[in-house]
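Note sheet for the following structure.
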Amino acid sequence: MIVFGGAFAVLVLLAALLFISIYNGLVHKRNAVENAWAQVDVQLKRRHDLVPNLVEVVRGYAGHERQTLTAVTAARAQALGAHTPAEMASAENALTGALKTLFAVTESYPDLKASQNFAELQEELATTENRIAYSRQYYNDAVLTYSNAIQTVPANIVAGMSGFTAREYFQAPGEERGPVQVRF
């Protein structure tokens, strides 16, 4: 009887250690997702900080392009108000579209294109766009790792008992997944 009780105690101890180990692994993966989201946020903040400077430079050269400047400002405000990955993806894509329009307008202003300040801001924005793309990819990779962890046996049991829930991927809206249309 003592041997049976000792074996039972060892099994309970091993189960507790396994639970703790799995739980700690899930916490690490969840924290990695939160860190990756924070990195996306940092890059988007950098982008949002550059946009007003870019608008001001363009306004100085092309002040009568008010509709374009207003669209960029409105898209930035919408992006700042987004919170979930889906909202942010939609808002950031609208801001990207508004910025493309802004850069298309600048083609009509040779003095603006030649401006050192505009060129530096445009380069900063391009660099930031690359960082945003990398941060989004890193976030989605962290979400994938976390999702796999909370959905596979035996971690899914621990995840279910401990309240670990799935996270949302940062995805492009449906209309942006199709082929790019090039028109000449």
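The values are calculated or read from the model by the stated rules, or taken from the named source; none is laboratory data. None of these values were measured; they are calculated from a predicted model. All Cβ positions, glycine included, derive from the backbone under ideal geometry; neighbour counts span all protein chains shown. Protein only, heavy atoms only, side chains kept; ligands, DNA and RNA dropped before computing areas. Shrake-Rupley method; radii C 1.70, N 1.55, O 1.52, S 1.80 Å.
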Inset, instruction - Determine, yes or no, whether Val10 is open to solvent by 60 Å² or more (accessible area, probe 1.4 Å) and at pLDDT below 95. - result: yes
Inset, instruction - Identify the residue in the range 52-78 that is among the hydroxyl-bearing types (Ser, Thr, Tyr) and closer than 24 Å to Ala89 by Cβ and, among all such residues, is least open to solvent (accessible area, probe 1.4 Å). - result: Thr68
Inset, instruction - Tell me which of these Gln181 doesn't satisfy, since it passes every other one: (1) at pLDDT 95 or above; (2) over 22 Å from Glu87 (Cα atoms). - result: (1)
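Can you name the residue in the range 17-44 that is open to solvent by less than 60 Å² (accessible area, probe 1.4 Å) and within 14 Å of Thr165 (Cβ to Cβ) and is also nearest to the chain's Cα centre (by Cα) among such residues?
The extreme case among them is Val33.
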Inset, instruction - Could you pull out the residue among Lys113, Lys100 that is open to solvent by 40 Å² or more (accessible area, probe 1.4 Å), under 21 Å from Arg46 (Cβ atoms), of a type in the set (Lys, Arg) and without any contact (Cβ under 8 Å) to a residue 60 or more places away in the chain? - result: Lys100
Legend entry - Qualifying residues in the range 141-167 (those that are closer than 15 Å to Ala36 by Cβ and in contact (Cβ under 8 Å) with a residue 60 or more places away in the chain) - the one surrounded by the most Cβ atoms within 10 Å (Cβ to Cβ): Tyr146
